[in-house]
Amino acid sequence: MVPAPPGYLDSLIALVSQRLSQVQVVERGENPDRALLDLVARYGNYEVRISEILDASGRKYAYYVFQAGKIVVGFDNTPDPLALRLKFGQEARRHWRERIPHCHLQNKTKTELTAEMTCEDFLDWLEANLSEGASLSGVIC
Amino acid sequence: MGDVRVKDAYLEVFRPFGDVQGVVDSALQHYAIEKANEKIAALRRKIKVWEDKYGCTYEVFAYRTARDEEYVQELNHNPQTAMWEGDLIVWEFQARELAEWYQRLQDILIA
């Protein structure tokens, strides 16, 4: 399996650049086994961080929006124990390495399960749910 | 084993030393070791930033963030570490790269 098709990271950066401003690639790496992208950008008054790693096991992502040092919303699929507990309850520890798509809200005081998300899904969500006037409590995953 | 073309000017320098293939292999080994060490040093510098920030190795961090809910809550509540998920992604890539470069270096040294 080829983890990232040729040009994948370039197309991802191009996609983000079309929809967000002040895009800065913080870290980028690619080889035949895996590809990494970590970038920061702006969406109106919000700061955005997009992190992705692609390898033979699939895609790990973290798409975060923050403002004045507080996290407005963060989508990721890490095997976070909070998300594992939400999904599996008392059986959570048996699933400890499973990737669980979820989101964090209200400066990470609230966690909800979500569907798997791509970077494009995240950008769509951003445009549909956040405007410069949005408040932290008004955000729903 | 692959075929590589070597410029005549270099071959003229190598020939007086005898076994041209051996000399080329030795030169390439020195160069490969130098490049591998450069790559390893660069990766170690990047990884040290994460190790200093989180006070542990990648393996420990990946384990704790997957197993220890209390630790994750601490990370989430600290503004400096609240976006640990993105850090974990970058750190994982660098840690795996570093392991592979150590392996390549070892392979070169025993070749």
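The values are calculated or read from the model by the stated rules, or taken from the named source; none is laboratory data. For clarity, every value in this text was computed on a predicted model and none was experimentally measured. Backbone-built Cβ (ideal geometry, glycine too); neighbour counts: all protein chains shown.
Of (1) touching a residue at least 40 places away in the same chain (Cβ under 8 Å); (2) touching an Asp or Glu at 6+ places or on another chain (Cβ under 8 Å), A:Ser51 satisfies all except one. Which? All conditions are met except number (1).
If I ask for residues that are at the interface with chain B (Cβ under 8 Å from one of its Cβ atoms) and either buried (at least 21 other Cβ atoms within 10 Å of the Cβ) or in a strand (DSSP E or B) (or both), which ones from the range A:62-83 would you list? If the condition is that a residue be at the interface with chain B (Cβ under 8 Å from one of its Cβ atoms) and either buried (at least 21 other Cβ atoms within 10 Å of the Cβ) or in a strand (DSSP E or B) (or both), then A:Ala62, A:Tyr64, A:Phe66, A:Lys70, A:Ile71, A:Gly74, A:Asp76, A:Thr78, A:Asp80, A:Pro81 are the ones that fit. Among the conditions (1) over 22 Å from A:Arg42 (Cβ atoms); (2) polar (S, T, N, Q); (3) at pLDDT below 95; (4) in contact with a strand residue (DSSP E or B) (Cβ under 8 Å, 6 or more places away or on another chain), A:Asn77 misses just one, which is (3). Might you check whether a residue that is at pLDDT below 95, surrounded by 13 or more Cβ atoms within 10 Å (Cβ to Cβ), touching a helix residue (DSSP H, G or I) at 6+ places or on another chain (Cβ under 8 Å) and of a type in the set (Lys, Arg) occurs anywhere in the range B:67-89? Yes, the range B:67-89 contains at least one residue that is at pLDDT below 95, surrounded by 13 or more Cβ atoms within 10 Å (Cβ to Cβ), touching a helix residue (DSSP H, G or I) at 6+ places or on another chain (Cβ under 8 Å) and of a type in the set (Lys, Arg).
All of A:Leu9, A:Leu15, A:Leu36, A:Leu20 fail the test of being more than 10 Å from chain B (Cβ to nearest Cβ), touching a Phe, Trp or Tyr at 6+ places or on another chain (Cβ under 6 Å), aliphatic (A, V, I, L, M) and in contact (Cβ under 8 Å) with a residue 12 or more places away in the chain, apart from A:Leu20. Among the residues of the range B:67-87, the one identified as at the interface with chain A (Cβ under 8 Å from one of its Cβ atoms) and among the β-branched types (Val, Ile, Thr) is B:Val72. Among the conditions (1) surrounded by fewer than 16 Cβ atoms within 10 Å (Cβ to Cβ); (2) within 11 Å of chain B (Cβ to nearest Cβ); (3) out of contact with any Lys or Arg (no Cβ under 7 Å at 6 or more places or on another chain), the only one that A:Arg94 does not satisfy is (2).
In this structure, is A:Leu54 closer than 26 Å to B:Asn78 by Cβ, more than 7 Å from chain B (Cβ to nearest Cβ) and hydrophobic (A, V, I, L, M, F, W, C)?
no
Among the numbered conditions (1) free of Cβ contacts under 8 Å to residues at least 12 places away in the same chain; (2) under 22 Å from A:Asp80 (Cβ atoms), the only one that B:Trp50 does not meet is (1). Of the helices (runs of 4 or more DSSP H) that lie entirely inside the range B:1-103, those containing 2 or more residues that are of a type outside the set (Lys, Arg) and within 23 Å of the chain's Cα centre (by Cα) span B:20-54, B:58-67. The condition of being in contact with a Ser or Thr (Cβ under 8 Å, 6 or more places away or on another chain) and among the basic types (Lys, Arg) holds for only one of B:Lys39, B:Lys53, B:Lys46, B:Lys35, that being B:Lys53.
Looking at B:Arg64, is it of a type in the set (Lys, Arg) and away from chain A (no Cβ under 11 Å)? Criteria not met by B:Arg64. The set of residues from the range A:14-61 being modelled with pLDDT of 95 or more, surrounded by fewer than 18 Cβ atoms within 10 Å (Cβ to Cβ), outside any strand (DSSP E or B) and among the aliphatic types (A, V, I, L, M) comprises A:Ala14, A:Leu15. Just wondering, is there one or more residues in the range B:24-40 that are in contact with a Cys (Cβ under 8 Å, 6 or more places away or on another chain), within 14 Å of chain A (Cβ to nearest Cβ) and either within 30 Å of A:Arg85 (Cα to Cα) or surrounded by 15 or more Cβ atoms within 10 Å (Cβ to Cβ) (or both)? No - not one qualifying residue is present in the range B:24-40.
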